[in-house]
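Okay, structure first, notes after.
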Amino acid sequence: MSWTIGVDVGGTFTDFYAFNEETGQYHVGKTSSTPSNPEEAILEGMVALCEQFDIPLDNIKRVSHGTTFGTNALIQRTGSRVALITTKGFKDLLEIGRQTRPHMYSLSEDHPAPLVDREDRIELKERIDAAGEVVYAPKAAEIDAAIDAVLSSGAAACAIGFLFSFRNSEHEKQVADVLRRRTSDIAVSISSEVQPEFREYERLSTTVLNAYLQPVMWHYMESLGSGVAERAPNSTLGINQSSGGLMSPERAREFPVRTVLSGPAAGVVGAAHTARQTGRRNIITLDMGGTSADVALIRDYKVDIAFGRDVAGFPVRLPCVDVETVGAGGGSIAWFDRDGLLKVGPISAGAVPGPACYARGGDKPTVSDANLLLGRLSARGLLDGSMELKPDLSRAAFQDLADNLGFTPEKTAHGVLGIVVSNMVRTIRTISVERGHDPRDFVLMPFGGAGPLHARDVAVSLGIKEMVVPAAPGIVCAHGLLVSDLKEDFVASQRFNLDDAGMTVLAFSLSGLMERTIGWFEKEGAPADSRHLDLTVDARYVGQNFELAVPIASGKSLSPDDLPDFGEIHAAFCSAHELAYGYSSQEDPIEIVNIRLAASARLHQIADAEHSSDQPPEPQAREFRPVYFEADRAVTSAVFDRAELLPGHLISGPAVIEQLDATTPLYPGDTAEITPDGHMIIKIADNAGA
């Protein structure tokens, strides 16, 4: 029997999803996270899960891990001291950046301070031009002087980023080789390896972030890897990256910046798998946890990828699952701003002390407290009753807000939920309406511990009539890790016009990318029959400053013969431009600036559940309790244990469906049906929101 385990570390809980590929059996689990030592919760929780469900540790063949370790290190600035070697005249590039403000309407708000102090930025006299030709080659003495400055700085890592190194990496590699020969105690990141793309500021920023994280990620990967090997000796460890695929721990140590959106990416991949199982091609995801909510679009079962994001205020130029985040979670605190208006979030009670109802010392009114006051959460508690909640503490926390507004605590709590829903709706509109997509053409898929609690109000606000609540909504990120492919992204930054001559350049670049890809496939031992390639170009009209990603070919292997002609690529770009901006031109010339090849290999074999024609017996409610679906009136509602719901069961609201990892309120008039795979399809009443 072969088991695979997905482990997702969140701010409050660490989630586990164990799956047996031979029998289709699965088990889920949650344990409290240990932020100061994340691997402690991972290792102890994995062993506890295996003991609870009699899973032999020797039978675990793969452990896949989604991590927030790098993200937290950037947010909390707990990475390592970094030195930077860059082209002479460019040491202040990190501070100059772009002519954009962090906040459009705040003239005083500044970008975060650079991660490299000015005295640790070292200039080297070298120059390569835009064509990749050497203008000035640095002398050995000049390189040694730069290395001396790095060694005397006390830095634990060194970033090396030269102008136009994406066209010619000779100088970067030369300096890196000298540094590595002189010391093995300093981690080295060079921009031509981290992400060889044009736009020197973003490339340099990404390289610095990578260097900043290298030493701390090295120790984390070493500790976690040895711990997993000790407990599950027959397993391999995979680390999820921001693009939604797995990489080896060695690769994660070398390129830790690729993990900064690891957790949210796993959730979207898991949602895409659920979308396929339920036959819903177009999905809007709503992943709501304790601190924040992440939203994303899935179109035709495919996850959207973005190539430029900000993390903790720093630009990152890497392929990432296109996720937008808002400070709306179960721990989000309700408060009055100076203008006298009630706000919710982004300040959060976090895991410690947590919401007032946790009875861990928190006394601020939070979203979780509001749900408990309204009867949507049970006083029996979270985690199947093992984590008791205190309604009296929630009421006390909300009393001051209620008195200030002249409302009852219940009406105040309902208003707080309305505000947090509005925050999420606004964020969903940025990835849908503002990009030319009508939310009414999508199905809403809520997950995370708090997603299903608020999804119905979000759906009604957007005009969405159907929702899919996964079988284990609080564990979707961990589940996504099990269905993630081994993945690597390759890029060639080459600017040329889209014409007959340009197609020759494109064919030549593809051959080079394929050579690198085949080498990676062989090094990783990727199964030959599960390999897949996706070729994308970043294109724009000549004269534009920003480009659009246009997919042009895919398959198990690609050669220049597989390329479409430039007319087809032109038409595909015009369609993408029309969708993004509302217009396109068939006559204006187009240029390509990047060629991207995404390589993946499927690691999992997860079969769908078998369909049964037998009608299950009627589900039985475990209890009845009053639930506020509206601000002023509670409705007696049946409470069901989702573990007892079987495929084919149909439930009508008002009801509440509870499970280990989440709670789903079913509004009056709505219906929920359980699918063969255990997912729940909720049909929203036609008169909802009227």
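The values are calculated or read from the model by the stated rules, or taken from the named source; none is laboratory data. The shown structure was predicted, so the numbers you read here are calculated from the model rather than taken from an experiment. Cβ sites come from the backbone with ideal geometry, for glycine too, and all protein chains shown count toward neighbours. The area values use the complete protein model at the heavy-atom level, side chains included, leaving out ligands, DNA and RNA. Shrake-Rupley method; radii C 1.70, N 1.55, O 1.52, S 1.80 Å.
D500 meets all of the listed conditions (1) of a type in the set (D, E); (2) surrounded by fewer than 17 Cβ atoms within 10 Å (Cβ to Cβ); (3) closer than 30 Å to T236 by Cβ but one, namely (3). In segment 661-682, how many residues are open to solvent by 50 Å² or more (accessible area, probe 1.4 Å) and either closer than 15 Å to P616 by Cβ or under 28 Å from the mean Cα position of the chain (by Cα) (or both)? Residues in segment 661-682 being open to solvent by 50 Å² or more (accessible area, probe 1.4 Å) and either closer than 15 Å to P616 by Cβ or under 28 Å from the mean Cα position of the chain (by Cα) (or both): 1 in total. When residues of segment 513-542 are filtered for being more than 24 Å from G567 (Cβ to Cβ) and either open to solvent by less than 70 Å² (accessible area, probe 1.4 Å) or not in a helix (DSSP H, G or I) (or both), how many remain? So the answer is 11. For A113, the conditions (1) in contact with a helix residue (DSSP H, G or I) (Cβ under 8 Å, 6 or more places away or on another chain); (2) over 30 Å from G474 (Cα atoms); (3) part of a loop (DSSP other than H, G, I, E, B); (4) open to solvent by 20 Å² or more (accessible area, probe 1.4 Å) all hold with the exception of (1). Taking the criterion of being under 13 Å from L204 (Cβ atoms), surrounded by 12 or more Cβ atoms within 10 Å (Cβ to Cβ) and of a type outside the set (S, T, N, Q), the residues of segment 78-110 that qualify are V82, L84, I85, F90, K91, D92, L93, L94, E95, G97. Filtered by the rule that a residue be farther than 28 Å from E200 by Cβ and either basic (K, R) or surrounded by fewer than 21 Cβ atoms within 10 Å (Cβ to Cβ) (or both), segment 56-71 gives P56, L57, D58, N59, K61, R62.
Only one of the listed residues (L224, L237, L209, L213) is under 20 Å from the mean Cα position of the chain (by Cα), over 26 Å from R317 (Cβ atoms) and not in a loop (DSSP other than H, G, I, E, B). That residue is L237.
Screening R540 on (1) closer than 20 Å to G308 by Cβ; (2) under 26 Å from the mean Cα position of the chain (by Cα) shows it passes everything except condition (2). Restricting attention to segment 128-170, the residues being part of a helix (DSSP H, G or I), polar (S, T, N, Q), out of contact with any strand residue (DSSP E or B) (no Cβ under 6 Å at 6 or more places or on another chain) and open to solvent by less than 40 Å² (accessible area, probe 1.4 Å) number 0. Put simply, of L510, L462 the only residue that is under 30 Å from I651 (Cβ atoms) and open to solvent by less than 50 Å² (accessible area, probe 1.4 Å) is L462. Screening E95 on (1) free of Cβ contacts under 8 Å to residues at least 12 places away in the same chain; (2) in a helix (DSSP H, G or I); (3) within 17 Å of G313 (Cα to Cα) shows it passes everything except condition (1). Scanning segment 552-574 for residues that are among the β-branched types (V, I, T) and either over 15 Å from R596 (Cβ atoms) or assigned to a helix (DSSP H, G or I) (or both) turns up just one, I569. Tallying residues that are of a type outside the set (A, V, I, L, M, F, W, C) and assigned to a strand (DSSP E or B) within segment 16-36 yields 8. Note on segment 348-367: residues that are open to solvent by 20 Å² or more (accessible area, probe 1.4 Å) and touching a residue at least 12 places away in the same chain (Cβ under 8 Å) amount to 7. Hey, any hits in segment 562-569 for a residue that's open to solvent by less than 80 Å² (accessible area, probe 1.4 Å), without any contact (Cβ under 8 Å) to a residue 40 or more places away in the chain, within 25 Å of S493 (Cα to Cα) and of a type in the set (G, A, S)? Yes: segment 562-569 contains one or more residues that are open to solvent by less than 80 Å² (accessible area, probe 1.4 Å), without any contact (Cβ under 8 Å) to a residue 40 or more places away in the chain, within 25 Å of S493 (Cα to Cα) and of a type in the set (G, A, S). Cβ separations smaller than 7 Å between residues 6+ apart or across chains give the following pairs from segment 217-245 residues that are in contact (Cβ under 8 Å) with a residue 24 or more places away in the chain to residues that are among the aromatic types (F, W, Y) and outside any loop (DSSP other than H, G, I, E, B): M217/F69; Y220/F69.
The residue of segment 473-497 that is nearest to Y26 (Cα to Cα), among those that are open to solvent by 30 Å² or more (accessible area, probe 1.4 Å) and in contact with a Gly (Cβ under 8 Å, 6 or more places away or on another chain), is D485. Annotation note: of A211, A232, the sole residue that is in contact with a helix residue (DSSP H, G or I) (Cβ under 6 Å, 6 or more places away or on another chain) and either on the phi > 0 side of the Ramachandran plot or not acidic (D, E) (or both) is A232. Of the candidates S652, S585, S637, S600, the single residue that is closer than 29 Å to G474 by Cα, of a type in the set (S, T, N, Q), surrounded by 11 or more Cβ atoms within 10 Å (Cβ to Cβ) and touching a Phe, Trp or Tyr at 6+ places or on another chain (Cβ under 8 Å) is S637. Among the residues of segment 96-129, those that are over 34 Å from the mean Cα position of the chain (by Cα) and farther than 27 Å from R81 by Cα comprise I128, D129. Considering segment 289-315, the residues that are buried (at least 24 other Cβ atoms within 10 Å of the Cβ) and more than 22 Å from D677 (Cβ to Cβ) include one that is modelled with the lowest pLDDT, namely G290. Looking only at residues in segment 116-126 that are free of Cβ contacts under 8 Å to residues at least 60 places away in the same chain and buried (at least 18 other Cβ atoms within 10 Å of the Cβ), which one is farthest from L93 (Cα to Cα)? The selected residue is E126.
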